[in-house]
Amino acid sequence: YTISKSGTVSFPETPASNDSKLDAFYAKVPITGGQGSLSVSLKRAVAKVSVSLSKALSGAAASSSLSFDSAYRSFSLLDGEVSGLQPLTFGSASCPDTQNVAYAYIFAPQDQAHSCTMTLNVFGSSALSTTLNNIPVQRNIQTNIKYNN
């Protein structure tokens, strides 16, 4: 991620799928001088979309990518709002395993679900490409998709 001076967090130009480094937490608390130790509860700024297959592919699933027709590209650390709704593609990366083929973290609205269309591509000796509609994403919630192949 990149963080601007104004506190806006944005995706890298080409994020990779299956990248646990894109999981993001934040907190905003007032601090006064001489306060000493402070307990802070972190909140997740992203939704996780995880895709598994009903059965492992006949050949090895080497890598996968995910694309969303509408995803928020930015998140404000100051007010927790998301912005920059546009298509977002996560580049191809090694699959977590042969049945759990892809995951991505995307910014999502705070107290509501956002529906989008997602395209999954799995590359390897057994290729798979599918588009799924009405995928719900919500901040701090994991959307598990089991694709019947």
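Within the range 33-46, is even one residue open to solvent by less than 40 Å² (accessible area, probe 1.4 Å) and touching a residue at least 40 places away in the same chain (Cβ under 8 Å)?
Yes: the range 33-46 contains one or more residues that are open to solvent by less than 40 Å² (accessible area, probe 1.4 Å) and touching a residue at least 40 places away in the same chain (Cβ under 8 Å).
Do you know which residues across the range 49-82 are modelled with pLDDT under 95 and open to solvent by 50 Å² or more (accessible area, probe 1.4 Å)?
Passing the criteria: Lys55, Ser58, Ala60, Ala62, Leu77, Leu78, Asp79, Glu81.
If the requirement is being within 23 Å of Phe25 (Cα to Cα) and either open to solvent by 20 Å² or more (accessible area, probe 1.4 Å) or without any contact (Cβ under 8 Å) to a residue 12 or more places away in the chain (or both), which of these qualifies: Ala113, Ala102?
On inspection, the qualifying residue turns out to be Ala113.
Kindly indicate the residue of the range 122-148 that is under 12 Å from the mean Cα position of the chain (by Cα) and open to solvent by less than 30 Å² (accessible area, probe 1.4 Å) and also farthest from Ala47 (Cα to Cα) among those meeting that condition.
Filtering the range 122-148 for residues that are under 12 Å from the mean Cα position of the chain (by Cα) and open to solvent by less than 30 Å² (accessible area, probe 1.4 Å), the one farthest from Ala47 (Cα to Cα) comes out as Thr143.
Working only within the range 4-32, note down all residues that are open to solvent by less than 30 Å² (accessible area, probe 1.4 Å) and among the aliphatic types (A, V, I, L, M).
Matches in the range 4-32: Val9, Leu22, Ala24.
The values are calculated or read from the model by the stated rules, or taken from the named source; none is laboratory data. None of these values were measured; they are calculated from a predicted model. Reconstructed Cβ throughout: ideal geometry from the backbone, glycine too, with neighbour counts over all protein chains shown. SASA here: full protein model, heavy atoms, side chains in, ligands and nucleic acids out. Shrake-Rupley method; radii C 1.70, N 1.55, O 1.52, S 1.80 Å.
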